[in-house]
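Below you'll find the structure, written out as structure tokens, and then a few comments.
The values are calculated or read from the model by the stated rules, or taken from the named source; none is laboratory data. In this text the structure is predicted, and so the values were computed from the model without any measurement. All Cβ positions, glycine included, derive from the backbone under ideal geometry; neighbour counts span all protein chains shown. Accessible surface areas use protein heavy atoms only, side chains included; no ligands, DNA or RNA. Shrake-Rupley method; radii C 1.70, N 1.55, O 1.52, S 1.80 Å.
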Amino acid sequence: LETKKLSLKVIVRLGYAHELSTIPDHKHLNRIVSLPTDESLMQAWLAFAANIYTTVAKYDNFLFGFISWEDFFWLELMHLPIDLELSNQIAKNIGFANYISNVKSTNFKSVIADNGKVLIPKVASTGAPLFIKYWDQWLLKLLKTSQTHFPCLTMEVRVDCEPGPPNQTYICHEDTFDLGGIKAPTVIYYSPAWGANNIGDHVSSDEAIARFSYLIDYVQKFTDNPIFVDQFNYIDNTPGFGLNTQIKPTEITEFLTKSIDVIRKQTIGYGLWTLWDVPANILPNSQFKFGKTGWNFKNASLIELPNSSNMWVYLRKDGYIERDSILNANSTGILMSKKEAYRIELLAYSFDKQIPKLGITVADNEQIIASPTFQQEKLWQFEITDLPISTGYESLSIQNMGNELLLKDIVLYNVVQSSGVMDVQKKPSFYYEEILRLNQQLTTKNPYYLDKTTYSNTLVTGLYNDFWASKL
């Protein structure tokens, strides 16, 4: 409703969520490899899709929805150390074993063990192309099935490629680009790393815009569908990908200006991964959506207040909450940096209007006595930096050092996913004005003209050195 008031259209990503599970059996990877053959799991997914569609379809400013390859990324299995028995069981669960039994290929032997059981192939092995092809086919099948419950559904396709066997440099996913012949927008993502050297280097705006334009042309070769860029990641500071090529900081503004014509002429629009910087919170159940799960309470309780989406922690005098371990033993997908110091942030409400004080204790380290950094709308904001955390498995305690108070919105992090548009406090950041200008220009005639013939496709060659993604 709020978007309609602003005359905005809405596109919905139908996500199969990556979560910090408190139940080992429900890890994301376990679930997605059971989806093809577990009927109850598939029906749950379809019911979820139908429920979301029913919710959004009643609004006339809703455009379409899409699923993403990333939420169903079986190819991660090729990189993991899996024993033969488990590998065969997963191959059965995802239907790959049955697929292999009907495939006529000289490479099928590479995915069969000496005992005749079908296995998940290793990355860059001779069996990898078969596994990748099967995954591509299954994604299209999932899309088609999901559309029976979410009619205007499309898909974000994987534009990166996988390392191939010795006789094949890389294996790409062109078979998915046309979405199985479905006439709907083909959704893609963009990063300056696509098609670049990825050796920790920085490139000019000309080089980056050439690859951006080429990427869209490359996808367009395989489909007549319009292209929508759902992740326009002109900057990317994802931990673990520090070698990814970036645009020279002094030329990002120029790149955004040049991207106007690419987006206008070659796509139906773009989206940002996030509008504001997002702290990568490593603290499970920090909003207490699952009650006290993972926490110990002393002289403390949970309360729910009217008009508040999150639970509040009520701390009596000397009350505290603590975790025996910050991370769960089975926590996965956590964004953490080994180099950066940790900080914790939270909001507090003091009943007696006095400035509250908290004691933060990590493991056996000396307690840190903290005062709030500022007050806004009756709430005190705490920001405690340089916490003595090294592994993430230390204990954590938050103690009330004064009179009774309320706490909420606890965030513990040392990584911030940067948007370049707005900071964590949702104030304008480095490229706020440039993004506003880009959006304004996309709705008016733009004098800037991009001559694609001035750019050489030879800028796009080779393979990412992390062997996860390709350059064309």
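Go through the range 158-186 and give me each residue that's assigned to a strand (DSSP E or B), closer than 19 Å to Glu76 by Cα and in contact with a Phe, Trp or Tyr (Cβ under 9 Å, 6 or more places away or on another chain).
Glu162, Pro163
Of all residues being of a type outside the set (D, E, K, R) and under 15 Å from Ala128 (Cα atoms) in the range 63-87, which is surrounded by the fewest Cβ atoms within 10 Å (Cβ to Cβ)? Just the residue, please.
Restricting to residues being of a type outside the set (D, E, K, R) and under 15 Å from Ala128 (Cα atoms), the top hit is His79.
Can you pull out every residue in the range 317-349 that is hydroxyl-bearing (Ser, Thr, Tyr), more than 16 Å from Ile369 (Cβ to Cβ) and more than 21 Å from the chain's Cα centre (by Cα)?
Scanning the range 317-349 gives Ser325, Tyr342, Tyr349.
Only one of Asn98, Asn115 is more than 30 Å from Leu6 (Cβ to Cβ) and either part of a loop (DSSP other than H, G, I, E, B) or of a type in the set (A, V, I, L, M, F, W, C) (or both). Can you tell me which?
After ruling out the rest, the residue left standing is Asn115.
Which residue is nearest to the chain's Cα centre (by Cα), if the candidates are limited to the range 227-257 and must be more than 29 Å from Ile67 (Cα to Cα) and in contact (Cβ under 8 Å) with a residue 60 or more places away in the chain?
Ile252
Which one is surrounded by the most Cβ atoms within 10 Å (Cβ to Cβ), of the residues in the range 206-224 that are among the acidic types (Asp, Glu) and either in contact with a Lys or Arg (Cβ under 7 Å, 6 or more places away or on another chain) or outside any loop (DSSP other than H, G, I, E, B) (or both)?
By that ranking, first place goes to Glu207.
Mind checking which pairs have a first residue in the range 56-68 that is assigned to a loop (DSSP other than H, G, I, E, B) and a second that is polar (S, T, N, Q), Cβ under 9 Å, 6 or more apart or different chains?
Tyr59/Thr3; Asn61/Thr3; Asn61/Ser7
When you scan the range 133-150, do you find a residue that is more than 21 Å from Val229 (Cβ to Cβ) and modelled with pLDDT under 95, even just one?
Scanning the range 133-150, I find no residue that is more than 21 Å from Val229 (Cβ to Cβ) and modelled with pLDDT under 95, so the answer is no.
If you take the residues of the range 276-312 that are among the β-branched types (Val, Ile, Thr) and within 19 Å of the chain's Cα centre (by Cα), which of them is least open to solvent (accessible area, probe 1.4 Å)?
Ile282
Considering every residue within the range 265-281, establish whether at least one is in contact with a helix residue (DSSP H, G or I) (Cβ under 8 Å, 6 or more places away or on another chain), part of a loop (DSSP other than H, G, I, E, B) and of a type outside the set (Lys, Arg).
Scanning the range 265-281, I find at least one residue that is in contact with a helix residue (DSSP H, G or I) (Cβ under 8 Å, 6 or more places away or on another chain), part of a loop (DSSP other than H, G, I, E, B) and of a type outside the set (Lys, Arg), so the answer is yes.
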